[in-house]
Amino acid sequence: MNRIELNTPLGRSLLLLGGEMKDIEPLLPASGLFVITDLNVRSLYGNIFPPGMVFTVEPGEQSKTLARSEELCKRLLEAGADRSSFILGFGGGVICDLAGLTASIYMRGVRHGFVSTSLLSQVDASTGGKTAVNLGDYKNIIGTFKQPEFVLCDHRMLSTLPEEELQSGLGELIKHAVIRDRNLFFDISASMEKVYERDPVILGDLIRRAVRIKASIVRRDPLESGPRRVLNFGHTFGHVLETYYRIPHGVAVTKGMLLAAELSVWTGEMPHSEMKMLEEVIEKTGMLPDLELPDNIIGMMSHDKKAEAGSLNMILLRSVGKAVVRRLPLNEIAAFVSFYRDGKEKNK
Ligand code: GLY
C-alpha cells in the first residue's frame, strides 16, 4: 500500500492507495458512524461496510443536489447524529461530492472519510477536499472545501466497474498526465489494454502517479486561487457537454480536453503535432464522442465558476505534460467555437 499525506491549512488527509478495509479500522470512531452510499455500491459492498447506520441514495448525477444533501441532514438528525459523529462516503464521484458536502454543513461540519470505489473517484473525486452539488443544469455551483480525514482506494474494487464508468475515470487519469507528466501519458497509452482488463497492479501504478500529481498541486493551492486551476483542464467545455448530452463526467472531460487542446493550437500556445498526439491516444480509449457543440455553448460557459467579468480562466496546453492558465475573453472563445464548427462543416 502507498500512503500519501496531504497536509493543507484546511486539514490533513491520509490517502491510502492500494489499501483494504482493515486499513481504515483504526481511523474510524468506535461509535457514531454513518455510511452514505448508493444502491449499486451497497449491493456490491454492503457486506463489508463497517458497523453504523447506512443511508442510501439513487446512483448517478441526479443525486448530486442540495435537496438530497438536506434530506441526508434530516436523516442524520433523526438518527441522533451529533457533532462527534463520523460520515463515511462509500462510493464513486457522486457519493464523494454529496457525502463531503453533507459532512461539511451538518452541524457546521462533522468528521468524514471516503472509501472510493470507482476509477474516477480514486484518481480524482475523493482527493482534494472540494465538495459540490449541481444547481439545476449547472455543475458544482454549490460546494465547500473540507478535506476528508482519509481516502481508501482499494484497486480491486475496480474489477466490478462497468465499461462506461471505467472510461469516465480513464478520462480523468489522462487529464492528470496531460497537465503535468508526459511520461505518465505515454505509459497510459502503452497500458490501455491492461486498463480495460481492470488489472489492479497496472491501474494501481497509474492511479498512484496521478494522485501524487493532484496532491502536489492541492498542497500548494488548496483553495484553488491559482495553480490548482490547471486541474480543471477540459472541464469548462466538458461540463457544458456533460449537462447537454447527459454523458459521463470523464467522457465529457475527454472531449473537453480535445477542445481545449484545439483552442491551445488556435491561440498559438501549442504546436499542432502535440494535439495530434493527444488525439491519437484518446482515440485508443475508444471514447471519442463526435458531438456537435450546443448552440448556446458560450452562454452556458459564461455560468462556469471560472467565468469573471466577460472572460474565462481557460486551461491551455503548451505541450502534452505542461498546462498553463490563460484568461480569455468570451468573445475570443466564441471566435474559436465558430472556427471549430466551420472546420467540422468542411470535413463532412
Ligand atoms: N473532491 C475533488 C477535488 O477536491 O478536486
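Just a few scattered comments:
- Qualifying residue in region 36-48 (condition: among the basic types (Lys, Arg) and touching a Ser or Thr at 6+ places or on another chain (Cβ under 8 Å)): yes
- Number of residues in region 102-115 that are buried (at least 24 other Cβ atoms within 10 Å of the Cβ) and either among the basic types (Lys, Arg) or near the ligand (Cβ under 10 Å from one of its atoms) (or both): the value is 1.
- Residue in region 172-193 that is within 16 Å of the ligand (Cβ to nearest atom), touching a Pro at 6+ places or on another chain (Cβ under 6 Å) and in contact (Cβ under 8 Å) with a residue 24 or more places away in the chain present: no
- Any hit, region 152-163, residues being farther than 15 Å from residue 38 by Cβ, within 16 Å of the ligand (Cβ to nearest atom) and modelled with pLDDT of 95 or more: yes
- Flag if residue 110 is touching a Phe, Trp or Tyr at 6+ places or on another chain (Cβ under 8 Å) and more than 24 Å from residue 18 (Cα to Cα): yes
- Applying the criterion of being among the charged types (D, E, K, R) and within 14 Å of the ligand (Cβ to nearest atom) to the residues of region 128-144, the residue that is nearest to residue 67 (Cα to Cα) is 139.
- Residue that is farthest from residue 195 (Cα to Cα) [pool: residues in region 214-231 that are surrounded by 19 or more Cβ atoms within 10 Å (Cβ to Cβ) and away from the ligand (no atom under 11 Å from the Cβ)]: 229
- From 58, 78, residue being surrounded by fewer than 17 Cβ atoms within 10 Å (Cβ to Cβ), of a type outside the set (A, V, I, L, M), more than 15 Å from the ligand (Cβ to nearest atom) and closer than 28 Å to residue 243 by Cα: 58
- Among (1) in a helix (DSSP H, G or I); (2) of a type outside the set (Val, Ile, Thr); (3) surrounded by fewer than 16 Cβ atoms within 10 Å (Cβ to Cβ) - the single one residue 51 does not satisfy: (1)
- Here residue 167 passes the criteria (1) within 14 Å of the ligand (Cβ to nearest atom); (2) out of contact with any Asp or Glu (no Cβ under 8 Å at 6 or more places or on another chain); (3) more than 16 Å from residue 224 (Cα to Cα); (4) assigned to a helix (DSSP H, G or I) except the one numbered (1).
- Members of region 139-163 that are of a type in the set (Asp, Glu) and either surrounded by 16 or more Cβ atoms within 10 Å (Cβ to Cβ) or over 19 Å from residue 242 (Cβ atoms) (or both): 149, 154
- Of the criteria (1) assigned to a loop (DSSP other than H, G, I, E, B); (2) over 24 Å from the mean Cα position of the chain (by Cα); (3) surrounded by 20 or more Cβ atoms within 10 Å (Cβ to Cβ), which one residue 31 fails: (3)
- Some residue of region 299-313 being crowded, with 17+ Cβ neighbours inside 10 Å, part of a helix (DSSP H, G or I) and more than 22 Å from the chain's Cα centre (by Cα): no
The values are calculated or read from the model by the stated rules, or taken from the named source; none is laboratory data. Note that this is a predicted model, so its numbers are computed, not measured. With ideal geometry, Cβ positions are generated from the backbone for all residues, glycine too; neighbour counts draw on all protein chains shown.
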